[in-house]
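K.L.:
Sharing a structure below in structure tokens format, with a few things to ask.
The values are calculated or read from the model by the stated rules, or taken from the named source; none is laboratory data. Just so it is clear, the structure is predicted and the values come from calculations on it, not from any experiment. As a convention, Cβ positions derive from the backbone with ideal geometry for all residues, glycine included, and neighbour counts pool all protein chains shown. Ligands, DNA and RNA are excluded from the accessible area calculation, which covers all protein heavy atoms including side chains. Shrake-Rupley method; radii C 1.70, N 1.55, O 1.52, S 1.80 Å.
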Amino acid sequence: MLCVNFTFSQEIFKRTLKLMGSRFEITVVAKDSIEANDYIDAAVVEITRIEKLISSWDPASQTSEINRNAGIKPVKVDEELYNLIGRSVEISKLTDGAFDISFASMDKIWKFDGSMTQMPSKEAIKQSVSKVGYQNIILDPENLTVFLKLEGMKIGFGAIGKGYAADKAKKLLIEKGVSGGIINASGDMNTWGTQPDGEFWKVAITNPMDKNKAFALLPLNENAVVTSGNYEKYVTFNNIRYTHIIDPRTGYPATGIISATVFAPKAEIADALATSIFVMGKDVGIDFINQLPKIECIIIDEKGEIFTSENIEIAHK
């Protein structure tokens, strides 16, 4: 009997496109461009499906329906959306409200486009978060309903949605037999498998002091990494740099940190925690991450100093 072994050489294929209002880059390992395009097309369909579910900009989405009925009545939703909201509320509890999907209720009183000439008043800042509070998101597990208690309250997935979409696209591609790849959702990186030569995927962490340079190139093995940075959007008053990441509990922008990178098994949790650390500040943020299994972080403060959680070592050249 004649045995013939066919081995196909694998290559890396990439496509960059705009999804969820952001730049996505989808990388897959495949035997040819036809196979790669099929895989990437499937990932795009999945990400688009999630966007339709969670978008607060799309009036036809279930999320918009929840927001429209704030203070009026509970809204029945798909189990997938219900569970995402449930996990978001759990992260809010875990972070003591530093992460909060009801931040979408916040009045947009801070402008980071250069047009602000003075700080808003204390009263305006306090008023801006009057409708924010995850405690007012009422979930009914039996009926799969979501009710926002306060009229005018809203939820939004800006700090978790892209990470969730990256996780779902990754899961789909693994199920389709893709041996390795990266979903890069506008900086929310989710990897699996290896490159064709067996090497782990490597991701560059932006140097916030010079965003054209990377301060680290890190190998990722079946992991996600998300960086939140204020090196692009901020205002300065009285020599204090206020970032575009705002504390949902107080209405004041976060200060002291210019970059927070979180490594986690899933992009969804990395996405949420990168934002949370910014709000918590360096010391509280690192202490918090050190209590969580399989999660690490790198923080760069406004002086350019690097701080890490317990299990990360940065080799200084």
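K.L.:
Let me check against my output: what whole-number percent is the relative contact order of the chain, with C-alpha pairs under 8 Å and at least 6 apart?
P.N.:
After rounding, I find 16 percent.
K.L.:
Follow-up question, since we're still on this one. Highest first, please rank the peptides 161-168, 172-179 by the mean number of other Cβ atoms sitting within 10 Å of their residues.
P.N.:
161-168, 172-179
K.L.:
While we're here: For every other residue with a beta carbon closer than 11 angstrom to the beta carbon of residue 144, add +1 if it is Lys or Arg and -1 if Asp or Glu, then tell me the sum. Let's see the in-between values first.
P.N.:
Numbers: positive: 76; negative: 78, 79, 80, 140, 142.
Spelling it out: positives minus negatives among the neighbours equals -4.
K.L.:
Calculated FRET efficiency, residue 138 and residue 200, Cβ-Cβ r, R0 35 Å, to nearest 0.05?
P.N.:
Computed FRET efficiency for residue 138 and residue 200: 0.20.
K.L.:
Relative to the present Cα-Cα distance, how much length would full extension add between residue 151 and residue 45 at 0.36 nm per residue of separation?
P.N.:
34.7 nm
K.L.:
Under the 0.36 nm per residue contour assumption, what length would be gained going from the current alpha-carbon distance of residue 78 and residue 287 to full extension?
P.N.:
Between residue 78 and residue 287, full extension yields 71.7 nm more.
K.L.:
Now a separate question. Going by a ≥ b ≥ c, the root eigenvalues of the Cα gyration tensor, does the stretch 118-195 fall in the rounded group (a/c under 1.5), the prolate group (a/b larger than b/c) or the oblate group?
P.N.:
It is oblate, given that a/c is not under 1.5 and a/b is not larger than b/c.
K.L.:
Now for a separate question. Can you tell me the orientation of helix 33-54 relative to the chain, as the angle in degrees between its alpha-carbon axis and the longest Cα principal axis, to the nearest 10?
P.N.:
So the helix axis and the longest Cα principal axis differ by about 20 degrees.
K.L.:
How much of the accessible area of the chain, in percent, comes from carbon and sulfur atoms when a 1.4 Å probe is used?
P.N.:
Carbon and sulfur together cover 50 percent of it.
K.L.:
Still on this structure, please answer the following. Do you know the relative contact order of the stretch 1-117, to the nearest whole percent, from alpha carbon pairs under 8 angstrom that are 6+ apart?
P.N.:
About 11 percent, as a whole number.
K.L.:
How would the chain be classified by its alpha-carbon gyration tensor: rounded, prolate or oblate, with rounded meaning a/c under 1.5 and the a/b versus b/c comparison settling the rest?
P.N.:
Judged from the Cα gyration tensor, the chain comes out oblate (a/c at least 1.5, b/c at or above a/b).
K.L.:
Moving to a separate point now. Give me, ordered by chain and number, the residues 5 or more places off residue 295 or on other chains with an amide H under 5 Å from its own placed amide H.
P.N.:
Close amide H contacts, sequence-distant or interchain: none at all.
K.L.:
Ok, one more. Could you give each residue of the stretch 148-153 its phi-based ³J(HN,Hα) in whole Hz, using Karplus coefficients 6.51, -1.76, 1.60 with θ = phi - 60°, and x for Gly or Pro?
P.N.:
Running phi through 6.51 cos²θ - 1.76 cosθ + 1.60 with θ = phi - 60° gives 8, 5, 9, 5, x, 6 Hz.
K.L.:
Next question. Among 282-294, 245-257, 108-120, 58-70, how do they line up by average Cβ neighbours within 10 Å per residue, starting with the highest?
P.N.:
On the way: 282-294: 15.5, 245-257: 20.6, 108-120: 12.2, 58-70: 17.3.
Result, highest mean Cβ count within 10 Å first: 245-257, 58-70, 282-294, 108-120.
K.L.:
Among 137-143, 152-158, how do they line up by average Cβ neighbours within 10 Å per residue, starting with the highest?
P.N.:
Numbers: 137-143: 12.6, 152-158: 19.6.
The packing order, highest mean first, is 152-158, 137-143.
K.L.:
Among 83, 153, 227, pick out the residue whose Cα is farthest towards the positive end of the charge dipole of the chain, where Lys and Arg carry +1 and Asp and Glu carry -1 on C-beta, about the Cα centre.
P.N.:
Of 83, 153, 227, it is 153.
K.L.:
Same structure, new question: Taking 45 Å as R0, compute the FRET efficiency from the Cβ-Cβ separation of residue 306 and residue 123 and round it to 0.05.
P.N.:
After rounding, the FRET efficiency stands at 0.75.
K.L.:
Something else: Give the long-range amide H neighbours of residue 23: residues separated by 5 or more places, or on another chain, with amide H under 5 Å away, using H modelled in the peptide plane at 1.01 Å from N.
P.N.:
The list, which skips near neighbours in sequence, is 186.
K.L.:
Quote the relative contact order of the stretch 45-96 in percent (integer), defining contacts as alpha-carbon pairs under 8 Å separated by 6+ residues.
P.N.:
With pairs under 8 Å counted, the relative contact order is 19 percent.
K.L.:
Something else now. Compute the accessible area per residue over the stretch 100-211, keeping the other protein chains in place, probe 1.4 Å, unit Å².
P.N.:
Using a 1.4 Å probe on heavy atoms only, each residue of the stretch 100-211 averages 48 Å².
K.L.:
Could you run the Karplus curve 6.51 cos²θ - 1.76 cosθ + 1.60 with θ = phi - 60° over the stretch 274-290 and give me ³J(HN,Hα) per residue in whole Hz, x for Gly and Pro?
P.N.:
Residue by residue, the stretch 274-290 yields 4, 5, 4, 4, 3, 6, 5, x, 4, 5, 5, x, 5, 4, 5, 4, 4 Hz.
K.L.:
Still on this structure, I have one more. Rounded to the nearest 500, what is the 222 nm mean residue ellipticity of the chain from helices alone, with -39500 (n - 2.57) per DSSP H run of 4+ residues and division by all residues?
P.N.:
Values: 7 runs with 90 residues, N = 317.
Calculated mean residue ellipticity at 222 nm is -9000 deg cm²/dmol.
K.L.:
Work out the FRET efficiency for residue 18 and residue 216 from their Cβ-Cβ distance, taking R0 = 30 Å, and round it to the nearest 0.05.
P.N.:
On the way: r = 27 Å, r/R0 = 0.92.
My answer for the efficiency is 0.65.
K.L.:
For the chain, find the longest principal axis of its Cα atoms and tell me its angle to the long axis of helix 79-94, 0 to 90°, nearest 10.
P.N.:
Orientation of helix 79-94: about 60 degrees from the principal axis.
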